[in-house]
Each structure stands twice: as C-alpha cells, then as structure tokens.
Amino acid sequence: MGINVFQFFDALPGMAWTMLEDGQVDFVNRSWVEFTGLRPASGESWRWEDAVHPADVGAVTAHLQSVRHAETQGTIEARLRNAAGEFHHFLIQWAPLEDAPHGVVNWCAVATNIEPVVQKRERSQAALDFQLVVDSIPIPVAVTTPAGEVEGLNQLTLSYFGLSLSDLKDWKASEVVHPDDLKETIEAQIAAHMAGTSYNVESRHLRADGIYRWHNVLGLPLRDQSGAIQRWLHLLIDIDDRKRAEVALANSERESRLIVGTIAGMVALFTPEGQLNGANQQLLDYFQLPLEEVVNWATNGITHPDDLQHCVETFTASLKTGEPYDFETRFRRHDGEFRWFQVRGHPVKDDNGGIVRWYGLLTDIDDGRRAVEALREREIELQLIVNSIPGLIIVLRPDGAVESVNDQSLRYFGYDFNEHQKWKTNDIIHPDDRDRGVARFAEAVAAGQSYEVVERLRRHDGVYRWFQVRGTPVRDYEGLVVRWYFLLNDIDDRKHAEVALANSEREFRHIVNMVPGMIILSQPDGTLDGSNQQLLDYFGISLDEVQDWSTNGITHPDDVQVNIDTFLGALKSGNPYDYQSRYRRHDGVFRWFQVRGQPLRDAEGKIVRWYGLLTDIDDRKQAEDELRRSQALLVAGQRLIRTGTFSWHVETDELILSDEWLRILEFEKDEVVTFDRITERIHPDDVALFAGKIGAVREGDEDSEYEVRVLARNGDIKYVRVIGEVIIHRNGNRECLGAIQDVTQRRLTEEARDRLRTELARVTSILSLGQMSAAIAHEVNQPLSGIITNANTCLRMLAATPPDIETALETARRTIRDGNRATEVIARLRALFSKRNIEFEDVDINEAVSEVVALSAGDQRRNGVAIRTHFATSLPPVNGDRVQLQQVINNLLRNAIDAVSGVKDRLRLVEIRTQLGGDGQISVAVSDNGIGLDPDGGTRIFEAFYTTKNNGMGIGLSVCRSIIESHGGRLWAEPNQGPGVTMHFSVPSAEEASITAASH
C-alpha cells in the first residue's frame, strides 16, 4: 500500500486501522494512537481486540467473520478503550481492500465516536424507565425537584386526591394535608432537604371524598453517580387502618384495666408456666410489696408455712393438667397478720385451645374482700422494608418468572435469587395460602389489572408473618404488560392487633363469667343493666325483677335500709361501698353476703358504670359464731383446770400459746415468747432437764412427759407438769402439740405429806430403838450380872492356895449357863420386834423395781433427779421375800439420790438396769453420776456403823448385804468411768434356786 494511502488515513477525522487476513493489525492512524495510546511496535503486528471492551469482543469478532466471509462491508457498534482506560461507544465500519488480480488483500476499519449520541439515548430511556417505575408503584407517589417543587405524580396520587398535577403543585396552601399536621410535614421536608437525608412523618391527607386518612410519608433523595440529588421521591403509605386498630386496642386494654381495677378483690396474673407477671393494686396494697417481691410468694414468707406445700402442689397440678384450681390458704398482710383467702384460678385459652394466661382470684374470706384485675401489655409494631422504601419489592415477568428482588427481600426471606424463582412451589408462601395466591396472580395476569391479596410469607427464621401483597402491572408504549411490580407490606402486627382486640373483648366476657361470685353492673344512677349468670341462678328470677331488690322481698327486711343507705350514699359520693346483707335464694332461704362495689371511670374521671361483687359468706358467718363459742368454752375450761395448751413447730421454733399457758408462765399477751425467754423462767436446777427434753424432741422423740419448776415474778416457785406429743404433717414438718398444768398446789401438798411421813418414820425409829434398847438392857442385865459374879468367884477359887478346882469348874458351868440365857433373851427380843416371818415367793424383779421408783417420786422431784430404767425383757422370777428385796432396792435408790443431790454442773441422773446372767443369776444395778466414793470407801461401806452421810447411822448397806446373802446372792460396788458409782446385787432365779436346793 503506498504512502499516500497512509497519509489519507491519518487525515481522516476518526480512528482507522488496517489488518491482514489473519486478523493481525498492521497499521493504525494518528487518531487511533491519540485515543487508545496503542501503537504497534516496529516490525511487529498485534490484534485489534486488545482495544475493544471484553463484553463486546465476541459480537465484534462474529460480525467481522461474517463480513470477511461475504467479502463485503459491515457496520457495528462497540466500546473502545481510550488511553485513560475509559470506554467510549464507537461506530465501526469495515471494508475490504482489493487488488484486481489478487482479490481482497487487506481489510480497513474506521471507528467514529458516537458516545454523545449513546448517552443522550440512554438518558431518554432512563427517564422513560423512571416514569414507568413511578407509575407502577402501587401506592401514591410524588416526585419533586431538589428545590421542593412538584414535578410529577403517579395516577394513584391523582386518583386519591381527585386533583390535577397543577392543583397539587400548590399543596402547601390547600387542605390536601390536615391543618393540624401541615406544619410538622413541611418542617420535616425542609429539614430533610437541607440535610440531604430521607424523612419519615405521619400525617392525614384529604381523600377525594372529603375524608382525611392517616399516611406514613417517606421522602427519599434520588442521586446521580456523583452523589448529587437530582429529585425527591415522596411515598404516601396508607396507615389509617393500623391507626384505628391501635386506638381500638388501646381503648380495649384501658377498659379491661379499668374493669379489673374496679373488681372488688385481689387478682394475680400468671404465665402459662406459672410465673407471676401481674397483679392489681388491691393485691399490692395488701402485701405492700412491689410485684418483683410478690413473685417470690413461695419463698419470702407471705404464704403461711403450714399452707405452703399444699399451695405449691395444687398450683403445680393445675399448670400440668390445665384444669382450674380452688383451695384455701393464708397470706400475710403488710402488718404481719395472716388472713385466710379463697384462691381460685382459671386458664384463658386461645382459639386453638392453648393456654395463654392464668387468672387467679384471691378472695379474703376473713372479711369477704375479693378482687379481679387483668393486666395486658400489647405492643404493635409495623415495619415496611425496602432498599430505599419501607417494603419488600419483587419484580415478576408476565409468565411469573422472577426478574429482580431487592436487598430487603433477600434478607427477609433468606433465599437467593434462584430460590425465589420457585415461589409458586416452595415454602415462601404459607402452604394454606399458596394455591390462593398463585390463582390470584394468574387471574390478575389474565385481566391485566392490579390486584391485592393478604397471605402469610415465611421469614428467614421459619416464622410466617402476614403481608398485604399489592401487584401492579407495568406496560410498554403499546399497552402490553412487560412486568409486574409487587410491594409486600408487613401487616402481621396489625393482624395480631385485630386478634388481640377480639381476644381482649372475649377475655373480658370470660373474666366476668369466671369470677366465682355474683357480679352486678349498674348505671351511674344505680339502675341495674347487667349481671353474670351466677346471680340470676341464685335468685331464680330475671334481671328486670332483680331491679326491684328493695321492694320484692329478695333483700331481708332487716337489711333493706342498710342496703339503700349504703348504695345511695356511694352513688352520691362516688366512693366504693362495702357492707354485709342477707338475700333470699330461689328456695326461700336467706343467706349472708359480703357486698362490695367499685365505680368505673372514663379518662376524665367521670363514673360510667358501677361493678358490684356479692360474695356468699353465710357458711363463714356460721363457722365464726361456732368458733367463738368453742373458744370461749376452751378458755374457761383451761382456766378451771389450770391447764394451758401449746403448739411448737419443731423446724421453725414457732410457738402458738393459749392464754392460760401465758398466765401460768406469767407472760403478757403481746410479748414475743421464745425458748430463751422460757428458759429464763425455769428453775436453775431444772434448766438441764428442760434442755434435755427439748433436745430429745428435736432429735426425733415423739412423746415427752416431765415436771419442771418455774420461777414466778414474785420469787415463788411453781411446779409445772408438761405433756407433749409430736405429729408429722404431710410436708414432713414436725409439730409438737401438748399442754402444761400448774400442779404447784398438789406438789406442795405431796411434799408436806412426804415430810410428815419421813419425820414420823424417824420418830418411830427412834422410839422403837429406845424400846428395843430398854428391853435388851432389862432382859440381858440379869444373865450378864450372873456371868460377872460367877467369873469373879471362879477367879477367886483359882487364886486360892491351893486352888479350889472343883468350885472353879462349877462357877464356869454357871457362867456358860448365864451366857446361853442371854442369847435366848436376844433371840426372843428380835422375834418380838420383827413381828413377821420371812416368806419366800416368786417375785418379778422388774415389777418390784418399778414400784420402788414410783414410791420414790417425791424424793426425785424435790431433788431434781432424773431416773431412767432399763429393764431386760422376759426375766424369770426370783424366789425371795418381796418386802426385803424392795427394802434393798429402796436403800440403794435413796443412797443414789442423796449422792447426786449436790451436783450443780450437770443433769442429776440415776439409772437402774436389770439383766439375766449366764449363770442363772438375775442382777440389778443402780448407777448415779454423783460424788462417788473415797479410795477406801469401797471396802468399808458394808461395815456396820460406817457412813459417809452427816446424818447417817451406817447400818443400811450392812443390813442390805445380810438380806441379799440370805437369798443366796451377793452385793458389791463399782466406781464408774466418769463421775459416780454403781451398786450391784445379784440373786438366783427361782429355777436356779430350786436346782441348788435339790442338790443340797
């Protein structure tokens, strides 16, 4: 190709290049180099595709191949990259260069820059697409300039207001926006325009029919690629139905709260799991605790300990079965007093039968107060989600294929674009709504008209929510539907608000009918205008007849005036009323009722209705009268027999004491009595005994019986006998029920009698000893005198020289005679003073010991000694003299009591044991924890006239040993490991004694 051709190409106003048959570029003109910055290296060739946009290479290559194949010219649009890396649109024209003899020898291309033309064309298309989008949005839309002037409106906007575009341009000066909302709306727009941010405001807009409806106005700035605001898009979302639902729900909840608040009783609300989550003011006033503390009713002491287990078991059982509960229990009022309540609870169920709440009614059956309160908390939240608008946007083709999904939809459903294509078959639409939704879409496509459907759509977490789906077709200039725009408006909260409103009304009706009492409703002037079924069933007449309650005989004649005065007085003052009255049942029987009424007021405090609650307290009134009579008789009886009763809860040390108990121990009625206070009243010598008895009950003993001395306030000593028996409640708690008896007078009489008996025995013993001594002296004096005389004579005869042996022998024989005579005298005297013969018989040793212990009770009490017996079972009898054996046991027991009487630092204790030995001997052991024996006392205590007592004679143990030995047994002493000594004696059983006698 000659140089002139290249110069021609350089002179062209566009880019030009040539290439060989194999596609290699062999020449580019100056315009090409200046635009692309690409120049073939010297001696090298390169491919033209390097300058073409990658997305256009395929089309250009295919076009070039067709041109080269046809060896003809061709034209195509493509994007070429400049030296800065930017792509511009070019019109590329191809032409073959021919050599006559050889045909096509090269190809020439010329590219003309058409970027301005393409941009203008794209702007026109963008404007057209924007208007189509605006027109397809299924809600009113307004487009304004950055300065705020109305630029365009979609047809829905014009139809809603019934005005033209020119009319609406001056909307700020018209009544399009409600006058009360206009200022706020304008201020929101101005602030958004100044900040360049979106705005969201709620205001009322005048519809073509003259009705203002609430709208959520959302303003969005539309920016170009540089971020500059080109125009504003204003969306009007109709929220009037939601607003009305919110107001209706709020009014319903307020009325429910007023109703519950006016019910004359205490109401508690529980979750289906039993968690307390609400209460009326009456309940909080009763306990004077915040709800957070009342929640812990099972642990914080407001429920009586004796009733707690039953409360928990009954309540838990109802939660499991879903059945209502009804039981009685005691609750502690804020002043510490426990009061009885009738507790009734009913579940509230939804349409599917599931329990959504428990209502509990606590009726004070101490004085008849009862209450019902319902507390409901509802929140309505409406969210409209969209990329830049509040909603989910999905675009479909006419055949139902998904064309695009905005980001909010992708996030909401949690599915990718491909999964959205399957919306007709997958779980995006609730299975129960899917067929209807698909059918409605098909009908709309066939008719080519907008449509609306309400259905449930699945959120990414699997929860289905209600949506209002609005579909609008978009048409091209020929009127053909090219796509469908769908706005998915989340109305789940509104649906729930509607359901909540219906449930609230249904729950109110349920509350009135479930209250376990008679409810009556009155107008502000007192006219009856409603009641529950329980009241009509009680009277057996219609509500119109109940209206004449003051004259038709259903009110007791003696109570009519108090009814009229109290009820009319409450109507006049507006204060609640509370009184008791008798009403005639349908069978003619008059029964007592507690009548309570509360006014229901509106937001301004005006009474709009009265609610009355009639609680049957007839059984309670009779029970109270009977209880008062029984208590009066009990108090009088206890005073007469000087016996007071008590109840002691062992686990908590709670004491319930009768008036007579307090009188005996000299406590005031309002004093707090504890075991420490009681111990202060116990005689110091009996404190250890009292503590031991209390400790035994704590450790598991079931019964106790003992006597203690009590110090009176004036210093006197009272003797009190205590008897207690332990019962075990169903919850495992132990309660000791018993009585104390003031036995001071009887004990003083017995002690005086015992002292007199002891003194008489002492005097008798002294007199008997004197008589015996005189008799012995008189009877023995003569033989002793003879013995002395004969002895002197014998000495003289033997001293003579020579000794008179014969006479001395005679005097010795006379001495022996007089000695035998003295022995006979003493034997006769012993027989005379004993006045009885020893009689052996079978003796039950356990029974003999028990009799002696019983006879020693006086000494035991006087000395504050505890005696414990441990008898072996199935002991064989002993063959012996019962009186002598009991004399031995009595002597050992009295010695033991004397030994512990001086003990101050421990319990004074004497123990008696019986047992059968392997050698057939029955042994008795008497142990004490007293002063014990001296080191040499163990061997001398059985000597006659040896004693360790200041007033003892020293012959008791000597006589005891003689008696035991006469029975074939033995008596001995052993020191204890601790303080005290143990005295033992053993005698053969009757069987062993007979075997021994037979062998002898």
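The values are calculated or read from the model by the stated rules, or taken from the named source; none is laboratory data. Since we're looking at a predicted model, the values are computed, not measured. Don't worry about glycine lacking a Cβ; one is built from the backbone with ideal geometry, like all the others, and counts go over all protein chains shown. Side chains included, ligands, DNA and RNA excluded: accessible areas come from the protein's heavy atoms. Shrake-Rupley method; radii C 1.70, N 1.55, O 1.52, S 1.80 Å.
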Answer residue from the range 194-221, given it is open to solvent by 50 Å² or more (accessible area, probe 1.4 Å) and either in a helix (DSSP H, G or I) or aliphatic (A, V, I, L, M) (or both) and is nearest to Asp170 (Cα to Cα) among those | Ala208
Of the residues in the range 660-684, those that are loosely packed, with under 15 Cβ neighbours inside 10 Å, assigned to a helix (DSSP H, G or I) and not hydrophobic (A, V, I, L, M, F, W, C) come to Asp676, Arg677, Thr679, Glu680, Pro684
Residues of the range 563-586 being under 19 Å from Arg609 (Cβ atoms), within 40 Å of the chain's Cα centre (by Cα) and among the aromatic types (Phe, Trp, Tyr), which ones?
-> Tyr577
Where residues in the range 11-32 are of a type in the set (A, V, I, L, M) and surrounded by fewer than 16 Cβ atoms within 10 Å (Cβ to Cβ), which of them is nearest to His89 (Cα to Cα)?
-> Leu12
Considering residues that are at pLDDT 65 or above and open to solvent by 50 Å² or more (accessible area, probe 1.4 Å), the number found within the range 251-271 is 4
Go through the residues of the range 734-746 one by one and say whether even a single one is modelled with pLDDT of 90 or more and farther than 24 Å from Arg868 by Cα.
-> yes
Enumerate the pairs (first residue in the range 184-207 and within 25 Å of Leu156 (Cα to Cα) and in contact (Cβ under 8 Å) with a residue 60 or more places away in the chain; second residue anywhere and surrounded by fewer than 13 Cβ atoms within 10 Å (Cβ to Cβ) and of a type in the set (Gly, Ala, Ser)) with beta-carbon separation below 7 Å, excluding pairs fewer than 6 apart on the same chain, so at least 6 apart or on different chains.
-> none
Name the pairs: first residue in the range 221-235 and free of Cβ contacts under 8 Å to residues at least 60 places away in the same chain, second residue charged (D, E, K, R), Cβ to Cβ under 6 Å, at least 6 apart or on different chains?
-> Leu222/Arg231
Please specify each residue of the range 77-115 satisfying the condition of being crowded, with 18+ Cβ neighbours inside 10 Å and among the aliphatic types (A, V, I, L, M).
-> Ala78, Leu80, Ile92, Ala109, Val110, Ala111
Pairs, first closer than 15 Å to Leu613 by Cβ in the range 526-539, second open to solvent by less than 20 Å² (accessible area, probe 1.4 Å) and part of a loop (DSSP other than H, G, I, E, B), C-beta under 9 Å, six or more apart | Asn532/Val515; Asn532/Gly517; Gln534/Val515; Gln534/Gly517; Leu535/Gly517
Only residues that are open to solvent by 40 Å² or more (accessible area, probe 1.4 Å), assigned to a helix (DSSP H, G or I) and not acidic (Asp, Glu): list them for the range 285-305, please.
-> Leu291, Pro305
When you go through Arg730, Arg796 one by one, which is the residue that is part of a loop (DSSP other than H, G, I, E, B) and either at pLDDT 80 or above or of a type outside the set (S, T, N, Q) (or both)?
-> Arg730
Restricting attention to the range 428-487, which residues are at negative phi, part of a loop (DSSP other than H, G, I, E, B), open to solvent by less than 40 Å² (accessible area, probe 1.4 Å) and modelled with pLDDT under 90?
-> Ile428
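Condition check ((1) without any contact (Cβ under 8 Å) to a residue 24 or more places away in the chain; (2) assigned to a loop (DSSP other than H, G, I, E, B); (3) buried (at least 20 other Cβ atoms within 10 Å of the Cβ); (4) in the same structural domain as Asp364 (by the TED database)) across all residues:
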| residue | (1), (2), (3), (4) |
| --- | --- |
| Glu545 | yes, no, no, no |
| Asp559 | yes, no, no, no |
| Val562 | yes, no, no, no |
| Leu571 | no, no, no, no |
| Tyr583 | no, no, yes, no |
| Arg591 | no, no, no, no |
| Trp610 | no, no, yes, no |
Select, from Arg861, Arg913, the only residue that is at pLDDT 90 or above and either part of a helix (DSSP H, G or I) or out of contact with any Lys or Arg (no Cβ under 6 Å at 6 or more places or on another chain) (or both).
-> Arg913
Restricting attention to the range 544-571, which residues are closer than 24 Å to Gln533 by Cα and in contact with a Gly (Cβ under 9 Å, 6 or more places away or on another chain)?
-> Phe567
Going by the conditions given, is Asp492 open to solvent by 70 Å² or more (accessible area, probe 1.4 Å) and modelled with pLDDT of 85 or more?
-> no
